[in-house]
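Scroll down for the structure; my scribbles are underneath it.
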Amino acid sequence: MDAADDAGCANNDAMDDIEDMKAPGDTTRPPRGVARRVRRTKEQVVGEVVEVPDPTSVVPGVQSIYVKTYGCSHNHSDSEYMCGLLAQYGYSLVGEAQRQDADLWLINTCTVKNPSQEHMQTDIGRGQALGKPVVVAGCVSQGDPELKFLTGLSIVGVQQLERVVEVVQETLKGNTVQLLERRERPSLDLPKVRRNRYVEIIPCNTGCLGSCTYCKTVHARGRLGSYEPAALVARLRSTVAEGVREVWLTSEDTGAYGRDIGSSMPEMCNQLLAELPDGAMLRVGMTNPPYMLEHIDAICELLRHPRCYAFLHVPLQSGSDAMLTAMRREYSVEDFLRVADVLLAEVPDMTLATDIIAGFPGESDEDHQATLRLVRKYKFPILNISQFYPRPGTPAAKMRRVATHIVKERTRDLTAVFNSYTPFEHLVGTTQRVLATDLAKDQKHLVAHTKGYVQVP
């Protein structure tokens with residue numbers, strides 16, 4: 001969605017930061033063949049003696065690591081950074097086909113939907129069944145570190161990515177290390193191993209300003225924290241110099257960028273576009289409607305720029321104001337319609353992607369029909385339909401749920417409407433300028449995108 005683009009010398013002093021592996025003044029060590037299992041909670045130590053391989057025989061940096069990533073592009077960017085740090089230290093990275101031979105599994109998790117967490121939990125179980133040391137990263141481990149299936153596993157928090165090498169090293173020795181304390185946002189100038197050598201994913205901010213009743217991401221990522229424009233420009237310059245030709249801006253809400261530092265998403269994007277060479281493209285990530293309205297004219301101008309894709313992911317979630325209020329989405333249907341109408345009218349070849357939650361608690365048939373009418377009206381070319389999943393610890397999990405069979409029926413209704421139209425029919429017979437950045441699955445044909453980010457295989 002792997003190429004080791006960055007390499008360098010490992011810092012052999014990295015382990016000095018494991019300051020609490022030994023109590024002050026403690027000069028004793030377990031007998032040979034026995035090591036101290038260390039469980040950290042906010043980097044506090046609880047000691048337990050267990051039988052493990054001799055830690056003195058574990059040579060760091062020579063093992064193979066299998067990395068599995070779930071979730072959004074922000075998660076994938078985090079994994080690329082962790083892979084870059086591990087590769088820089090000397091670890092080899094293996095894919096799905098070689099996972100059974102890997103010395104350690106690193107699972108980067110997503111907390112948005114139940115199925116993602118279930119798949120991740122299954123992967124952890126498979127790794128444990130094979131006797132693999134497992135390190136868990138991402139939003140699930142950060143937001144719910146006390147989950148039963150995480151017991152005894154090493155964890156690296158979303159703001160502790162720079163210490164992934166330490167966590168891996170200690171885990172390979174038989175220790176359990178959990179680094180969850182919130183720190184400054186990870187640096188943008190870390191080494192990376194990209195899924196696609198021509199595509200760079202840059203997180204422009206972390207966290208969000210929302211408080212949606214169904215979402216746990218804010219528990220993991222925290223409130224809005226924007227990177228300074230200068231840091232983003234510097235990252236873009238370095239990646240372009242490495243041959244990157246497509247830059248994705250990602251965050252939990254790209255539209256909210258800069259509200260905490262006196263900047264804005266359009267202002268920052270224009271600074272990036274000034275550094276982007278001809279033939280390269282910028283893709284702006286998911287933006288929620290409330291912050292779009294503040295800069296809608298500037299956003300339209302941005303999306304018309306020849307080096308910016310005319311593509312935007314703006315979640316709707318429901319065509320009913322009652323449901324949006326229950327979700328605590330902080331905008332109305334009318335707000336969304338205004339954003340959509342302006343974008344489609346002012347940006348040529350605009351591709352508008354959106355999300356719908358089917359069967360949110362309290363959703364009536366009238367609410368559902370309102371959503372269907374909007375889908376029919378706008379014929380969204382990209383429509384992400386999700387059944388409601390109660391995430392533990394969220395207000396929505398305590399709300400009275402819609403019957404499962406009704407939720408499934410409504411999901412089928414939405415899918416049927418989507419399948420009833422041909423989104424990109426207007427492009428048939430036209431000639432389009434495209435940017436090719438990947439190979440198709442057959443490894444023979446190129447995959448490219450138009451200015452509206454329509455994929456052309």
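Coordinate-derived values only; no laboratory data. Just so you know, these numbers come straight off a predicted model, no measurement behind them. Glycine gets a Cβ as well: all are built from the backbone with ideal geometry, and neighbour counts include every protein chain shown.
Going down the table (K68/K216; K68/K408; K216/K441; K379/K451; K192/K216; K192/K444), which pairs top 23 Å between alpha carbons? Correct reply: K68/K408; K216/K441; K192/K216; K192/K444. Stokes-Einstein diffusion of the stretch 199-456 at 25 °C, 0.890 mPa s viscosity, Kirkwood radius from Cα pairs, rounded to a whole number: 126 µm²/s. Treating r as the C-beta distance of H426 and E146 and R0 as 41 Å, the FRET efficiency rounds to 0.20.
From its DSSP helices (H runs of at least four residues, each -39,500 (n - 2.57)), the chain gives a residue-normalised ellipticity at 222 nm of -9000 deg cm²/dmol.
If the Kirkwood radius is taken over C-alpha pairs of the chain, then at 25 °C and 0.890 mPa s the Stokes-Einstein diffusion coefficient equals 104 µm²/s.
As a test, work out the antiparallel percent of DSSP beta bridges whose residues both lie in the chain, rounded to the nearest 5. Counting only bridges with both partners in the chain, antiparallel ones make up about 30 percent.
If only the Cβ of Lys and Arg carry +1 and only the Cβ of Asp and Glu carry -1, the dipole of the chain around its Cα centre is close to 1000 debye.
For the stretch 394-430, the residues whose amide N sits under 19 Å from a probe point set 7 Å from the Cα of Q369 along the beta carbon direction are 403, 406-418. Full extension of the chain segment joining T404 with A436 gains 7.3 nm, where the gain is 0.36 nm per residue of separation less the Cα-Cα distance.
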